[in-house]
Amino acid sequence: MVGCDGIVGAGAALNGRLSLNRAIVQIGGEFLVCPVEPLKEALEAHPNVRSLLGAHEQALFAQAQQSAACNALHVIESRLSRWLLRAADLHGSDQLPLTQEYIAQMLGVRRTSVTVVARTLQEAGLIRYSRGRIKLLDIPALRDTACECYDAIKLNYDALLYPSNK
């Protein structure tokens, strides 16, 4: 997952080869597209940007590893809570235009499983969900429902990309 402070496909500029990522835009917004060559040139001219981009790639890799472990080990309710919290962090809003089908793909479950768990979270007053729109109503309670993977991903991301905030 990448938000407004992220980049997809930077590996091609960092190591001179190709990008191993495939990006799917789920929540629209503004973005920039940069060809690889000008980005390579900018990274050569600005080592601090190269370092930051490397840290971002490392954060994405750590996130992918944590998410894979989470999907294998934790119950759907915890995973969905983690995923919604992280999506809200990256989107910068407690309102998320996400379909059950897309969430099911991200969690590696059937859409019907997402329906059941989303209904449970809604009945508990944590979210409101209707036709591809999710509003996080009680973020502290949703954090309590999420597994420890939410904090692990957030801590890694912040430590790698915002080390001066410690």
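The values are calculated or read from the model by the stated rules, or taken from the named source; none is laboratory data. Note that the coordinates shown come from a computational prediction; the quantities given were computed from them, not determined experimentally. Neighbour counts are summed over all protein chains in view; Cβ atoms, including those assigned to glycine, are modelled from backbone coordinates with ideal geometry. All accessible areas refer to the heavy atoms of the entire protein, side chains included, with ligands and DNA or RNA removed. Shrake-Rupley method; radii C 1.70, N 1.55, O 1.52, S 1.80 Å.
Highest GNM mean-square fluctuation among G28, G54, G125, for the chain modelled with Cα contacts below 10 Å: G28. Taking C34, C4 and ordering them by how much accessible surface each has at a 1.4 Å probe, largest first, produces C4, C34. Using R₀ = 41 Å, calculate the FRET efficiency as 1/(1 + (r/R₀)^6) where r is the Cβ-Cβ separation of L52 and E101; round to 0.05. Computed FRET efficiency for L52 and E101: 0.75. Could you tell me how many degrees, from 0 to 90 and to the nearest 10, lie between the Cα long axis of helix 36-45 and the main elongation axis, the longest principal axis, of the Cα atoms of the chain? Approximately 70 degrees, to the nearest ten. For region 1-68, the fraction of C-alpha pairs more than 20 angstrom apart is 29%.
Computing P(r) over Cα pairs in 5 Å bins from 0, in percent for the structure here picks out one of (1) 1, 8, 16, 19, 19, 14, 10, 7, 4, 1, 0; (2) 2, 9, 19, 24, 24, 16, 6, 2, 0; (3) 2, 9, 18, 22, 20, 16, 9, 4, 1, 0, namely (1). Computed from Cα positions, the angle between helix 111-123 and the longest principal axis of the chain comes to roughly 70 degrees. For region 1-99, the solvent-accessible area works out to 60 Å² per residue, with a probe of 1.4 Å and every protein chain left in place.
When the charge dipole of the chain is built from unit charges on Cβ atoms (+1 for Lys and Arg, -1 for Asp and Glu) and taken about the Cα centre, the candidate among T115, P38, L161 whose Cα reaches farthest toward its positive end is T115.
Contour minus end-to-end for K40 and S93, with contour as 0.36 nm per residue of separation and end-to-end as the Cα-Cα distance?
Taking 0.36 nm per residue and subtracting the Cα distance, the gain is 15.8 nm.
Accessible surface for H74 stands near 50 Å², nearest 10, in the context of the full protein assembly shown (1.4 Å probe).
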